[in-house]
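Taking it in order: structure first as structure tokens, then the write-up.
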Amino acid sequence: MAKFELKLPKMGESVAEATITSWLKEVGDTIEADEAVFEIATDKVDSEVPSEVDGVLIEKLYNVDDVVKVGETIAIIEIEGEGSNQGSSETGSASENQEEEHEPAAVAEVSKSVEKAKESTAPVTSSDERFYSPLVKNIAQKENISQDELDAIEGTGKDNRVTKNDILDYVEGRNSKPASKAQDTTSAPKLATQKTSSPAKQQASPVVASGDDEIIEMTRMGKLVAHHMVQSVQTSAHVQSFIEADVTNIWNWRKKVKSDFAKREGENLTFTPIFMEAVAKALRDFPMMNISLQGETIVKKKHINLGMAAALPDGNLIVPVIKDADQLNLVGMTKKVNDLALRARENKLKPDDIQGGTYTVTNVGTFGSIMGTPIINQPQVGILALGAIRKVPAVVETPDGDFIGIRYRMFLSHSYDHRVVNGALGGQFVKAVKDYLEAWDANREI
């Protein structure tokens, strides 16, 4: 019998680790190739990790709530054949995250190395006064941070919880501090004992719940979204520009072709891919909207990767990304939009599906809103909200004069980061989107 090491796969360029949320298989269970073995959660998305081979699960190297690095072995699967195997089958099926070959290692050695890492320092624990997430505990253990040190770190999270950035700042400060018996208070990390010298934090007013009130715990995704939104408002100088677009030609064209489109392509033609096509064209015209700000340096993105806000079953939103959106025709855009929206509703998005966005579009009109002031999806510098399409009386200009007609119109709400995008650029960009929509050819072939 051979041993196969099931590793944590690569999940996008910015995802380095994940938390195990549940085991779907137990030791002794038979596993088929592509069958999910365990579930993970990152700061971006939750997903399942399947087996690459047929076999029997003989060892689990991590428990629920453990934080694991990309590429680390999570489980050992016994397969038919001889010798041990590290992440690939003898037929050549290799784990996608493996970029170079490694020497085989015995199962006992893997287990021993894992246990050694876990026992390198006394584990820290949460208390009634302070709660520590599995990620914070994991960092503390790897950096040999004692319970007393961790308890002294000033937390910037909700209820003064220690966040990942808090503990990493502490580690950086501790490692960069010159060796000295006397503590250098000018370079020391922020500790709870220093609260008196720092500005007082603005605390939220306490909420008193009566016996008739229902207490609902926020979901994990809800907490992440809330944190991301607060962080964005604190980071970017939000400003908005609004413009109204006449989409009568688009409305009539879609009504005329959607049935034939569905028969030919097997896809439902919605308004979203049409809007996405216009936004991608406008970003190509105004590349300084397709940027990120890193400190005092502007990163001008080569690719136009459009984020598309989509609703999850629990009511939260997630933003899957259409890569190189400006390279897609309407059929390709429709297929991509429908695929991402469906997998978002079914909780089947992969971590890479939500990575690398350079600009985001959100459709507030889906919920009946005619306009909105969306919060920028960091580290991007702009986001466009699409309002509901309304049938309204409007002034129509013709060579024979003006008249009142029934038109289909919608508001476009553009939020942008005023640190790097001025009002002229922000207004010109959303005007370009409007112009592309209004110039839609009503006789366009599908």
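Hey, for a label at MET218 modelled as a point 7 Å past Cα toward Cβ, could you say which residues of region 230-255 have their backbone N under 12 Å away? From region 230-255, the list is 230-231. Summarising the amide proton neighbourhood of ILE74: residues at separation of 5 or more, or on other chains, whose placed amide H is nearer than 5 Å comprise LEU6, LYS7, LEU8.
With both labels modelled 7 Å from their Cα along Cα-to-Cβ, the ASN268 to THR125 distance reads 5.3 nm. Distance between the pseudo-spin-label points of HIS303 and ARG419 (7 Å out from Cα toward the beta carbon): 2.4 nm.
Put a plus charge on the Cβ of each Lys and Arg, a minus charge on the Cβ of each Asp and Glu, and nothing anywhere else: the dipole of region 273-381 about its Cα centre is then about 180 debye. Modelled this way, with points 7 Å down the Cα-to-C-beta line, the labels at GLN378 and ARG284 are 3.2 nm from one another. Whole-Hz Karplus values for region 339-353 come out as 5, 5, 5, 5, 5, 5, 5, 9, 6, 10, 5, 9, x, 5, 5 Hz, taken residue by residue from phi with 6.51 cos²θ - 1.76 cosθ + 1.60 and θ = phi - 60°; glycine and proline positions read x. In this structure, the amide hydrogen of TYR359, modeled 1.01 Å from its nitrogen in the peptide plane, lies closer than 5 angstrom to those of ASN305, GLY307, counting only residues at least 5 positions away or on a different chain.
For region 238-438, the ratio of Cα radius of gyration to the globular rule of thumb 2.2 N^0.38 Å stands at 1.04. Please compare each pair in LYS7/LYS348; LYS10/LYS223; LYS223/LYS281; LYS348/LYS391; LYS164/LYS223; LYS223/LYS302 to a cut-off of 26 Å on the Cα-Cα distance and tell me which ones are over it. With Cα atoms farther than 26 Å apart: LYS223/LYS281; LYS348/LYS391; LYS223/LYS302.
For region 311-361, the spherically averaged projection of the C-alpha convex hull amounts to 3.6 nm².
No value in this document is a laboratory result; all are computed from the given coordinates. Everything numeric in this text was worked out from a predicted model, so none of it was measured. Counting neighbours? That spans all protein chains shown, and the Cβs are built from the backbone with ideal geometry, glycine included.
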